[in-house]
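The values are calculated or read from the model by the stated rules, or taken from the named source; none is laboratory data. Predicted, not measured: the structure shown is a model, and the values here were computed from it. Positions of Cβ are backbone-derived with ideal geometry, glycine not excepted, and every protein chain shown enters the neighbour counts.
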């Protein structure tokens, strides 16, 4: 299955953000979306998710227009992890993860044994099972991000869309999330994530999509797209390329 945006114009009722955008994601692959602040990354994500209606063009999920799916049908296929989430209510961590199961049942029904088994499994997968009974409002920002990832996976979707998933994580947990993104693709999920760090894209993504001022700069395999010239054009800044002499591994630093 694919998510595809065809000739999209994206934006809000009072302003246009981008035009002529074509983007596609297949199950089993990881696409990284990079660009400066205000370049249209989150707007494009929300359009692909159906949270914003395209001003022109069409989003398709599989062989049908996205808007032909009900909200519940979409939730069974696509999970979304926002960049920032602050809960007003002190739900337990387990309860927050179980909210991901509402796509498979009634919003007001009690969680089934299967729902609880799925929630426990994803909590263990992210190494946060010990937090299950803790209030979501009383854990760290990094732990909250891992809980949201667990909630997304509890939906058992085919696609997972993440808006800057490492923004609030420490160095160790950033590595855990990047490893998990690769593992999700290996298990057949399609993953789309935004990032400001080209090194995360190099590590975890198959393809990169570069977006500036609502326009596509480049799109293709990370090894081809992520180079010094393209990144300098994307960020309007000096970029330094480092190459390990033994392994040939590449990293980029701001100049």
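Within the range 225-250, the set of residues being modelled with pLDDT under 95 and under 25 Å from residue 186 (Cβ atoms) comprises 244, 247, 248, 249, 250. Evaluation of residue 191 against the conditions (1) under 30 Å from residue 16 (Cβ atoms); (2) part of a loop (DSSP other than H, G, I, E, B); (3) within 20 Å of the chain's Cα centre (by Cα) shows that the sole unmet condition is (2). Of all residues in the range 59-89, those satisfying the criterion of being outside any loop (DSSP other than H, G, I, E, B) and out of contact with any helix residue (DSSP H, G or I) (no Cβ under 8 Å at 6 or more places or on another chain) are 64, 65, 67, 68, 71, 73. Does any residue of the range 119-137 turn out to be assigned to a loop (DSSP other than H, G, I, E, B), more than 18 Å from residue 189 (Cα to Cα), free of Cβ contacts under 8 Å to residues at least 40 places away in the same chain and out of contact with any helix residue (DSSP H, G or I) (no Cβ under 8 Å at 6 or more places or on another chain)? Among the residues of the range 119-137, not one is assigned to a loop (DSSP other than H, G, I, E, B), more than 18 Å from residue 189 (Cα to Cα), free of Cβ contacts under 8 Å to residues at least 40 places away in the same chain and out of contact with any helix residue (DSSP H, G or I) (no Cβ under 8 Å at 6 or more places or on another chain), which makes the answer no.
Residue-level analysis places residue 18 outside the set of residues that are within 20 Å of residue 198 (Cβ to Cβ) and buried (at least 21 other Cβ atoms within 10 Å of the Cβ). In the set (1) modelled with pLDDT under 95; (2) farther than 17 Å from residue 96 by Cα; (3) outside any helix (DSSP H, G or I), the condition left unmet by residue 181 is number (3).
Here residue 207 meets the list (1) touching a helix residue (DSSP H, G or I) at 6+ places or on another chain (Cβ under 7 Å); (2) within 18 Å of residue 166 (Cβ to Cβ); (3) at pLDDT 95 or above almost entirely, failing just condition (2). Total residues in the range 6-28 satisfying the condition of being over 17 Å from residue 162 (Cα atoms) and either in contact (Cβ under 8 Å) with a residue 24 or more places away in the chain or in contact with a strand residue (DSSP E or B) (Cβ under 9 Å, 6 or more places away or on another chain) (or both): the figure is 14.
Taking (1) over 15 Å from the mean Cα position of the chain (by Cα); (2) within 30 Å of residue 118 (Cβ to Cβ) in turn, residue 207 satisfies each apart from (1).
No other residue among 31, 45 is assigned to a strand (DSSP E or B), touching a residue at least 60 places away in the same chain (Cβ under 8 Å), within 18 Å of the chain's Cα centre (by Cα) and surrounded by 22 or more Cβ atoms within 10 Å (Cβ to Cβ) apart from 31. Each residue in the range 150-178 was checked for being out of contact with any strand residue (DSSP E or B) (no Cβ under 6 Å at 6 or more places or on another chain), closer than 21 Å to residue 101 by Cα and assigned to a helix (DSSP H, G or I), and 4 pass.
Residue by residue through the range 224-243, note down the ones that are outside any strand (DSSP E or B) and in contact (Cβ under 8 Å) with a residue 12 or more places away in the chain. Give the steps one after another, and end with the answer.
Residues of the range 224-243 that are outside any strand (DSSP E or B), as a first pass: 224-238.
Result: 225, 226, 227, 228, 230, 231, 233, 234, 235, 236, 237, 238.
Scanning the range 105-122 for residues that are at pLDDT below 85 and surrounded by 10 or more Cβ atoms within 10 Å (Cβ to Cβ) returns 105, 109. Taking the conditions (1) over 20 Å from the mean Cα position of the chain (by Cα); (2) touching a residue at least 12 places away in the same chain (Cβ under 8 Å); (3) within 23 Å of residue 182 (Cβ to Cβ); (4) surrounded by fewer than 19 Cβ atoms within 10 Å (Cβ to Cβ) in turn, residue 220 satisfies each one other than (1).
Restricting attention to the range 233-255, report how many residues are surrounded by fewer than 17 Cβ atoms within 10 Å (Cβ to Cβ) and under 22 Å from residue 21 (Cβ atoms). Talk me through it step by step, then tell me what you get.
Going through the range 233-255, the residues surrounded by fewer than 17 Cβ atoms within 10 Å (Cβ to Cβ) turn out to be 233, 236-238, 240-249, 251, 253-255.
So of that shortlist, the ones also under 22 Å from residue 21 (Cβ atoms) come out as 233, 236.
Residues in the range 233-255 being surrounded by fewer than 17 Cβ atoms within 10 Å (Cβ to Cβ) and under 22 Å from residue 21 (Cβ atoms): 2 in total.
A single entry from 219, 246 fulfils the requirement of being assigned to a strand (DSSP E or B) and over 26 Å from residue 122 (Cα atoms): 219.
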